[in-house]
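Novice: Questions regarding the structure given below will be posed in turn.
Rule-based calculations on the coordinates, nothing more; no lab input. This is a predicted model, so every value here is computed, not measured. A quick note on method: Cβ atoms are made from the backbone with ideal geometry, for glycine too, and the neighbour counts reach across all protein chains shown.
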Amino acid sequence: MGSPNLMKSAQKIWIGVAVVIALAALAIGAVYLYHPVRRIPSSSASIASERLLLGGWLAQESGLEEEIDFSIDALSGVHYYSSFLHQRPAESGTWSYEDGTLTIDYDDDESRDTFDTVIRTGDTLILKDSRGMSSDGVYKAIQTP
């Protein structure tokens, strides 16, 4: 068995480590809570605002599908939308962002989703429809290697 003094020293070290970890967790939580939310500007002419939507997104709460993707064809400028359910293509279409509203027009020419609240904060995208006509969702950016 180890000496009582050595065991007390080890306990103090572990308590110190636990305190440091707890303080770090609080600091990270504070940064997350107070991270500035960027509402996408409502100017349809703003390329920067469209760029905030680009890429793949994984649903965290509700949403259209498990994964959604927004892209812009470099040559034609067409805004493409794709969604995936169980890692298989689900729906596709085009999208636009004008006057603060994100509109997705599906390839079936009959369906449309419209979101009048579009918020991007860090790697989180929030889509909401105040009229209740479209499926609200919270998404996390899909990190590509």
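Novice: Would you please give the residues with an amide H less than 5 Å from that of residue 60, counting only those at least 5 places away or on a separate chain, with H modeled from the backbone geometry?
Specialist: Distant-sequence amide H within range of residue 60: 138, 139, 140.
Novice: Here is a further query. Run the simple label-point estimate for residue 143 and residue 12 please: 7 Å along Cα→C-beta, distance reported in nm.
Specialist: 3.8
Novice: Just to check I understand the Karplus step: with θ = phi - 60° and J = 6.51 cos²θ - 1.76 cosθ + 1.60, what whole-Hz values come out for the stretch 100-117, glycine and proline as x?
Specialist: x, 10, 9, 10, 10, 9, 7, 4, 6, 6, 10, 9, 8, 10, 10, 10, 9, 10
Novice: Then there's this: So how much slack lies between residue 136 and residue 94, counting 0.36 nm per residue of separation and subtracting their Cα-Cα distance, in nm? Provide the component values of the computation, followed by the final result.
Specialist: Details: separation 42, 0.36 × 42 = 15.12 nm, distance 1.83 nm.
Full-extension gain reported as 13.3 nm.
Novice: What does the net charge come to around residue 79 if you take all other residues with beta carbon closer than 9 Å to its beta carbon, with K and R at +1 and D and E at -1? Walk me through the numbers before you get to the answer.
Specialist: Values: positive: none; negative: 50, 73.
After counting each charged neighbour, the total is -2.
Novice: Under 5 Å between amide H atoms, partner at least 5 residues away or on a different chain: which partners does residue 85 have, H built in plane at 1.01 Å?
Specialist: Amide H to amide H, under 5 Å and 5 or more residues apart or across chains, residue 85 pairs with 90.
Novice: Amide H to amide H, which residues 5 or more places from residue 72 or on other chains are under 5 Å from it, using H placed in the peptide plane?
Specialist: Here the answer is 80, since their amide H atoms fall under 5 Å of that of residue 72.
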